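Visitor: Next up is a structure, given as structure tokens.
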Amino acid sequence: MLLYWLWFAELKNISLQQKHRLLAQAGDPETLYHSQIDRWDISCKAKVALQDKSLQTAEKILRDCKAKGIGILPVADSAYPARLRNTHDAPLVLYYKGILPDWDGVPFIGAVGTRKASLYGLQVARRLAGQITRSGGCVISGGAAGADTAAMQGSLDAGGPVVGVLGGGVDIVYPRSNKNLFAAVTENGCLLSEYPPGAEPLPWNFPARNRIISGISSGVLVVEAPQRSGALITARYAMEQGRDVFVVPGNIDNASCAGSNLLLQEGATPVFSGWDVLECYEFLYSGKLKKHKAEPLYAQREPEARVAETVSMPTPKSENGTTARKNSIDNGPVSTYSVLENKQITLNADEQAVIALLTDTPQEPAELLAKLSLPSGKVLSALTMLAVKGLVQKHPGGRVSLK
């Protein structure tokens, strides 16, 4: 039976959504493998794909998994994460290395952030992840350099377990600097991937990987994220999947916090400790969560700077020592500076549908919902991403307009 799941998961030229529709009709891949193709209500392209009955790739994956101690979880397996299974694009198969946690026993919190996090961002990611773990939650992250690594290390320091979701095979260490971290994760939790052993961590794998992080999670914590980052992609998936989004407020002068701060403007929940996150789920996990004392980030306060009673401003001098004449403002009405960079912005189908109905006049989101045949979650997610891309602005009362 497992062999047919691997065959089906690895079939080319057929989308994941089509595969899910086929499973709904047939029940399992073995039935699909042995049945007449014409009986299934699918596209001609999908029928051609199903004609590939070779099991060589599936057999190789089975051998590799056995040799490397890698477990396999089909979507129908009872050990498969239930929250993820209930998403529309759940992976057909998950590969794992380590010890599977109790997916329903505690709240899982996705902890994500930029690879180029500031020192403050790294410290906060590590500290809050540790607090979440000590308070009874479980941290799940992507294993990337920066904030992801800091969060996973903070959870391990607190006793774990930790779950890492990778953009390649679970036997491939990427980045290489996380070799020891990943080894520790497999001893206190597990590494997960929808890609088979040996699969290289290709760039386009990582955005797809993010839907698994949010799909397993009860909520997603964004520590620090610029306006275009994988962490914001994870936050978008979380909104589409009906998950909570929590954000650590960041320095407004730091570009690496621009995206996460914008999420706060769009309605994400600001948090200042791990318990701020877990408190939202206390009623769902009676007796399993307990507030852990949130220690300050810095043990000692820096001494306050002394302020002079009076302030004297130096008089500007010219090169010859005389007092310089005050010049007019450089940027006049014909300034060559522009507010927005001239970059092409791509929009998905939902975002295109939403922006087509927006004008310069602010309107209620309810007006958009009445005109669109889209779920409210998708409309709100599209509005958030349009704001992230600088195309939409919000007004008091939740109204929105073109920017």
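The values are calculated or read from the model by the stated rules, or taken from the named source; none is laboratory data. From a predicted model like this one, the values you see are computed outputs, not experimental measurements. Positions of Cβ are generated from backbone atoms using ideal geometry, with glycine treated the same way; all protein chains shown enter the neighbour counts.
Visitor: Hey, does region 134-142 have a residue that's without any contact (Cβ under 8 Å) to a residue 24 or more places away in the chain, surrounded by fewer than 24 Cβ atoms within 10 Å (Cβ to Cβ) and basic (K, R)?
Guide: no
Visitor: Oh, and also: Which residues, taken from region 348-368, are surrounded by 16 or more Cβ atoms within 10 Å (Cβ to Cβ) and among the aliphatic types (A, V, I, L, M)?
Guide: A353, V354, I355, L358, L368 - these are the residues of region 348-368 that are surrounded by 16 or more Cβ atoms within 10 Å (Cβ to Cβ) and among the aliphatic types (A, V, I, L, M).
Visitor: In the set K53, K12, K68, K47, which member is touching a residue at least 60 places away in the same chain (Cβ under 8 Å) and surrounded by fewer than 15 Cβ atoms within 10 Å (Cβ to Cβ)?
Guide: Selected residue: K68, the only one of K53, K12, K68, K47 that is touching a residue at least 60 places away in the same chain (Cβ under 8 Å) and surrounded by fewer than 15 Cβ atoms within 10 Å (Cβ to Cβ).
Visitor: Among the candidates D148, D157, which residue alone is without any contact (Cβ under 8 Å) to a residue 40 or more places away in the chain, closer than 18 Å to G215 by Cα and charged (D, E, K, R)?
Guide: Step by step, each of D148, D157 is checked, and only D148 is without any contact (Cβ under 8 Å) to a residue 40 or more places away in the chain, closer than 18 Å to G215 by Cα and charged (D, E, K, R).
Visitor: Also, quick follow-up: In region 29-44, which residues are surrounded by fewer than 15 Cβ atoms within 10 Å (Cβ to Cβ) and in contact (Cβ under 8 Å) with a residue 24 or more places away in the chain?
Guide: S43, the sole residue that qualifies.
Visitor: Out of G164, G113, which single residue is under 16 Å from T234 (Cα atoms), free of Cβ contacts under 8 Å to residues at least 40 places away in the same chain and among the small types (G, A, S)?
Guide: Criteria check complete, one pass: G164.
Visitor: Which of the residues spanning region 160-181 are assigned to a loop (DSSP other than H, G, I, E, B) and touching a Gly at 6+ places or on another chain (Cβ under 8 Å)?
Guide: Result: G160, P161, L166, G167, G169, D171, I172, Y174.
Visitor: With respect to L100, determine if the residue is of a type in the set (A, V, I, L, M), surrounded by 15 or more Cβ atoms within 10 Å (Cβ to Cβ), more than 18 Å from the chain's Cα centre (by Cα) and in a loop (DSSP other than H, G, I, E, B).
Guide: The answer is yes for L100.
Visitor: Sticking with this one: For region 182-286, list the strands (runs of 3 or more DSSP E) that sit wholly inside it and hold at least 1 residues that are at pLDDT 95 or above, in the same structural domain as G130 (by TED's automatic domain parsing) and β-branched (V, I, T); which are they?
Guide: 219-222, 244-247
Visitor: Sticking with this structure for a sec: Any idea which of A150, A117 is at pLDDT below 95 and either part of a helix (DSSP H, G or I) or crowded, with 23+ Cβ neighbours inside 10 Å (or both)?
Guide: A117
Visitor: Would you confirm whether any residue within region 176-186 is among the aliphatic types (A, V, I, L, M) and either in contact (Cβ under 8 Å) with a residue 60 or more places away in the chain or more than 30 Å from C65 (Cβ to Cβ) (or both)?
Guide: Yes, the conditions are met somewhere in region 176-186.
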